[in-house]
2 protein chains.
Amino acid sequence: MAEKTKLWYLQNFNMFDGMSPKMMMELAQNTSMQNNSKKEIIYFPEDASNTIYFLKAGKIKIYRLSEDGKTTTLQLLGPGEIFGESAILGQDTHDNIAEVVEDAVVCAMDKRDFQDLMEKSPNLTMSVNKFIGWRLRKIQAHVEDLVFKSASQRITSFLHRYVETFGKKMVDGWMVRPFLTHQEIADLTATARQTVNQVLNELADKDIIKFSRRFLQLKGDLDQLES
Amino acid sequence: MAEKTKLWYLQNFNMFDGMSPKMMMELAQNTSMQNNSKKEIIYFPEDASNTIYFLKAGKIKIYRLSEDGKTTTLQLLGPGEIFGESAILGQDTHDNIAEVVEDAVVCAMDKRDFQDLMEKSPNLTMSVNKFIGWRLRKIQAHVEDLVFKSASQRITSFLHRYVETFGKKMVDGWMVRPFLTHQEIADLTATARQTVNQVLNELADKDIIKFSRRFLQLKGDLDQLES
DNA sequence: ACAAACATGTCAGCAAAATGACAGTCCAAC
DNA sequence: GTTGGACTGTCATTTTGCTGACATGTTTGT
């Protein structure tokens, strides 16, 4: 793929804001691009973690399995986000699974190339640190939710976040498409599929949302989805 | 305090392994030392986060409060650990509380000084990244515990970790002193005080542990405390 | 067009653990 | 010493939301 195209692809990762064009060029040269379709697995636990990934389009989920086959999703990532960062955080194998939720375009870069870049650019290092900090905060908030909130509160406040980050604002509310399956929401909120179904229908009964497999529509303001 | 003493104090933080003596000297010069006694608060949420702390001795807990006054402890830190790292992760206020659990000696350093050092030493940057990665993994494991394990499993596997990291190996098992209150354990494991009490007494009945306010003794091998 | 696989809707029953209440115990400070 | 406050021990009650079961509905691939 032409470097120029790659360069374009690497725009809109805030992490690279303020980097010199020369640096960006170097980044682009070291980046490979791939299309991944739904349900593809990008990495498994125990896989060597040599690569850092930039998500250009689509959605990826990072999740874990328990011994007895239960699933919990740690993060749902959208365009502009980075994953596989354990590579640059001194781990040589992954401990999560990264799976494509919506057909994705992923840029991949070897961790050594990225580390070389970091050494050359304190600016980049700074951005990486910020990004990691943000990740850390997100997961701490996740813990807080698990501990303080009830199952149904977790579901509604997940919907809030989901609509906020992935939805489009309309005249009379918000629209997100496509929507997730109830099981996917259950895994994200550490609840049972049936509970998700129930909460979703309750919200629909109250005329706060409308949903189907293809979309989620929020009628009115975000703060109706308060825990 | 003499730089020499400070220098000594800064040993045994793995983060500084492999740093040049010159660099260590610079570190020491920028570090201030403080003694904090039990129940002292080192920082509150919303406090400006300008400082990074190195825990030389004692124990610190990092915790959060919910609106309705519940508590959950995110981490229990012992000697050799770093906290307040949000300072170098691009956050300008804290979002947790750091409180002394056992009388502590804390080294404090201004975040800008530390960042200057990081720029000069890619080595240090690397160590910091590793440390953050380790922190991230710990908290992901915390999430996993919350989701997959039952209350009593969380308590036993907490005891496991506690004994492993803070205990002394004896001929016939392990000994940790002092011990925590049941409420503290409850906050660490997201359970109720009464449940902790029950599990503790069950383990004592099975003659696996012996405990009082002052100590926790594990009779025999660590793996008896498996979930 | 059809079947197989997957997703949703609903309900009854159950279990884990939180809550609340209170007595007993330890400890530290005066 | 005595007293107040914090910590521990125990129990009965209640709740949340998970489990399993099953019917219905929808999508996908051939």
Just to be sure I understand the filter: pairs with C-beta atoms under 6 Å, separated by 6 or more residues or on different chains, first member in the stretch A:207-226 and within 17 Å of A:Ile155 (Cα to Cα), second member within 16 Å of DNA strand C (Cβ to nearest atom) and of a type in the set (S, T, N, Q). Which pairs pass?
A:Lys210/A:Gln217; A:Leu225/A:Thr156
Name the residues in the stretch A:102-123 that are within 12 Å of chain B (Cβ to nearest Cβ) and open to solvent by 20 Å² or more (accessible area, probe 1.4 Å), would you?
A:Lys111, A:Gln115, A:Asp116, A:Glu119, A:Lys120, A:Pro122, A:Asn123
Could you check A:Gly18 against (1) within 12 Å of chain B (Cβ to nearest Cβ); (2) assigned to a loop (DSSP other than H, G, I, E, B); (3) not acidic (Asp, Glu) and say which number it fails?
(1)
Hey, any hits in the stretch A:24-43 for a residue that's closer than 18 Å to B:Arg137 by Cβ and either among the aromatic types (Phe, Trp, Tyr) or open to solvent by less than 50 Å² (accessible area, probe 1.4 Å) (or both)?
yes
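Would the stretch A:165-172 turn up any residue that is open to solvent by less than 40 Å² (accessible area, probe 1.4 Å) and more than 14 Å from chain B (Cβ to nearest Cβ)? First the steps, then the outcome.
Looking only at the stretch A:165-172, we keep the residues that are open to solvent by less than 40 Å² (accessible area, probe 1.4 Å), and these are A:167.
Subsequent filtering for residues that are more than 14 Å from chain B (Cβ to nearest Cβ) retains A:167.
So far as the stretch A:165-172 goes, yes, one or more of its residues are open to solvent by less than 40 Å² (accessible area, probe 1.4 Å) and more than 14 Å from chain B (Cβ to nearest Cβ).
May I ask you to verify whether B:Tyr63 is open to solvent by 20 Å² or more (accessible area, probe 1.4 Å), away from chain A (no Cβ under 14 Å) and either assigned to a helix (DSSP H, G or I) or at pLDDT 95 or above (or both)?
Numbers: open to solvent by 20 Å² or more (accessible area, probe 1.4 Å): yes; away from chain A (no Cβ under 14 Å): no; either assigned to a helix (DSSP H, G or I) or at pLDDT 95 or above (or both): yes.
So B:Tyr63 does not fit the description; no.
Kindly indicate whether A:Arg193 is free of Cβ contacts under 8 Å to residues at least 12 places away in the same chain and charged (D, E, K, R).
On the way: free of Cβ contacts under 8 Å to residues at least 12 places away in the same chain: yes; charged (D, E, K, R): yes.
Taking the combined requirement at face value, the residue satisfies it.
Residue-wise test of (1) at positive phi; (2) within 16 Å of DNA strand D (Cβ to nearest atom); (3) touching a helix residue (DSSP H, G or I) at 6+ places or on another chain (Cβ under 7 Å).
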| position | (1), (2), (3) |
| --- | --- |
| A:Ser121 | no, no, yes |
| A:His142 | no, yes, yes |
| A:Ala151 | no, yes, yes |
| A:Asp172 | no, no, no |
| A:Ala186 | no, yes, yes |
| A:Lys206 | no, no, no |
Spot the failing condition for A:Met126; the list is (1) surrounded by fewer than 17 Cβ atoms within 10 Å (Cβ to Cβ); (2) without any contact (Cβ under 8 Å) to a residue 60 or more places away in the chain; (3) within 14 Å of chain B (Cβ to nearest Cβ), and only one is missed.
(1)
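Need a quick list: helices (runs of 4 or more DSSP H) entirely within the stretch A:90-183 having at least 1 residues that are out of contact with any Leu (no Cβ under 8 Å at 6 or more places or on another chain) and within 16 Å of DNA strand C (Cβ to nearest atom). Don't jump to the end; show me each part of the working.
Working: elements: A:111-120, A:122-148, A:151-166.
So the answer is A:122-148, A:151-166.
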Please give the number of the condition B:Phe211 fails out of (1) more than 14 Å from DNA strand C (Cβ to nearest atom); (2) away from every other protein chain (no Cβ under 14 Å); (3) on the phi < 0 side of the Ramachandran plot.
(1)
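The values are calculated or read from the model by the stated rules, or taken from the named source; none is laboratory data. Just so you know, these numbers come straight off a predicted model, no measurement behind them. Virtual Cβ from ideal backbone geometry, glycine too; neighbours counted across all protein chains shown. With ligands, DNA and RNA removed, areas are computed over all heavy atoms of the protein, side chains included. Shrake-Rupley method; radii C 1.70, N 1.55, O 1.52, S 1.80 Å.
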